Amino acid sequence: MTLFNTSHFRPFLLTGFPGLEAFHPQISIVFCFLYLIAIVGNGTILVVIWEEQTLHEPMYLFLSMLAASDLGICATTLPTLLKLFWFNVREISFDACLVQMYFIHVFSLMESGILVSMAFDHYVAISNPLWYTAILTNSTITKVGLGILVRAVLAIFPAPWLIRQIKFCKVNVLSHSYCLHPDIIKLSSSDNRISRITGLIVIIFTFGIDSLFILLSYLKIFIMVLDIASQEEQLKALNTCVFHICAVLLVYIPMLGVSIIHHFGKYVLPVIHVLMGYVYLLIPPVLNPIVYCIKNHEIRTHVLKLFQPK
């Protein structure tokens with residue numbers, strides 16, 4: 001299949017809320033508020049963990065990685081969303097769309113990998129508390145973080161190249177105010193089976209395996225917790241896992257919802273399709289720092305300390 005010159009690709013058109021274009025400036029206020037919460041919340045967590053030496057522990061270092069990936073998603077999607085809702089600029093060039101798509105999926109895949117690492121962190125903390133710091137050293141955590149980054153970069157790398165191998169029909173309207181892989185390839189007019197199969201393989205061998213590892217980790221954790229004689233100790237052990245379970249649900253449920261919508265979108269209202277896209281985009285970055293600040297005493301204490309006047 002021939003590699004087409006970039007000049008042969010037409011720009012894509014982004015979509016806000018169909019039929020509500022006149023209200024886009026007002027709707028943008030909600031999005032600006034959500035982005036502000038996400039950026040301030042995740043940025044605060046990064047600053048607190050960086051400044052407080054007592055938080056330089058495996059659990060909080062993994063949390064800082066999660067906050068960084070959430071900020072990456074915000075930085076990747078905010079420019080096109082604001083251009084669309086503030087200035088009604090719908091066009092995005094083919095190359096810019098591929099770049100945005102690439103980074104959105106890289107950061108999403110990094111989130112999934114970090115959640116697996118956090119599940120392992122909880123498993124080690126409960127099963128081998130005396131060996132916890134010996135197993136999860138700073139060197140080990142650095143290597144895990146680099147491994148998560150390299151896996152995401154390499155797994156998503158073929159997607160833009162494969163998309164450039166297919167032709168696109170005259171319809172060039174995307175479903176969201178940002179670019180996603182399934183949203184782009186559904187506009188193709190040539191055979192896109194290789195892109196679809198590659199995308200499915202990536203999902204199975206990344207998100208599928210990640211979710212399996214998280215499930216197995218918590219299954220072993222629950223088995224170990226049941227062996228603890230004291231009910232108070234059982235609740236204490238489970239309480240340390242609550243905020244991580246919330247983070248897992250916040251990432252995987254919207255991701256599953258968007259996947260279902262893209263496969264069966266013709267059976268649902270367009271507004272549901274649009275809303276699910278924004279839920280997938282904004283819910284994890286907005287709610288993750290809130291959940292961790294509420295459920296984690298150390299984070300909450302240091303955040304309050306950070307904002308107290310000296």
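Tabulated values for the structure
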| item | result |
| --- | --- |
| Residue within segment 137-159 that is outside any helix (DSSP H, G or I), modelled with pLDDT under 95 and touching a strand residue (DSSP E or B) at 6+ places or on another chain (Cβ under 9 Å) present | no |
| Selection status of SER189, over 20 Å from PHE107 (Cβ atoms), of a type outside the set (A, V, I, L, M, F, W, C) and surrounded by fewer than 16 Cβ atoms within 10 Å (Cβ to Cβ) | yes |
| Failed criterion for SER175 (all others in (1) of a type in the set (S, T, N, Q); (2) farther than 15 Å from PHE12 by Cβ; (3) assigned to a loop (DSSP other than H, G, I, E, B) hold) | (2) |
| Every residue from segment 212-243 that is free of Cβ contacts under 8 Å to residues at least 60 places away in the same chain and under 23 Å from LEU63 (Cα atoms) | LEU212, LEU215, LEU216, LEU219, PHE222, LEU235, LYS236, LEU238, ASN239, VAL242, PHE243 |
| First in segment 24-42 and among the hydrophobic types (A, V, I, L, M, F, W, C), second anywhere and buried (at least 18 other Cβ atoms within 10 Å of the Cβ), Cβ under 6 Å, 6 or more apart | LEU34/LEU282; LEU34/VAL286; ILE37/VAL286; ALA38/CYS74; ALA38/PRO285; ALA38/VAL286; ILE39/CYS74 |
| Those residues of segment 100-151 which are touching a His at 6+ places or on another chain (Cβ under 8 Å) and closer than 21 Å to LEU281 by Cβ, in sequence order | MET101, HIS105, LEU115 |
| Selection count, segment 244-264, where residues are touching a residue at least 24 places away in the same chain (Cβ under 8 Å) and outside any helix (DSSP H, G or I) | 0 |
| Condition check for LEU78: surrounded by fewer than 21 Cβ atoms within 10 Å (Cβ to Cβ), within 22 Å of LEU287 (Cα to Cα), in contact with a helix residue (DSSP H, G or I) (Cβ under 8 Å, 6 or more places away or on another chain) and not acidic (Asp, Glu) | yes |
| Whichever residue in segment 216-234 is surrounded by fewer than 12 Cβ atoms within 10 Å (Cβ to Cβ) and hydrophobic (A, V, I, L, M, F, W, C) and, among such residues, is farthest from the chain's Cα centre (by Cα) | ALA229 |
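The values are calculated or read from the model by the stated rules, or taken from the named source; none is laboratory data. A quick note: this is a predicted structure, and the numbers were derived from the prediction, not measured. Because the Cβ atoms are built from the backbone with ideal geometry, glycine has one as well, and the counts that use them run over all protein chains shown.
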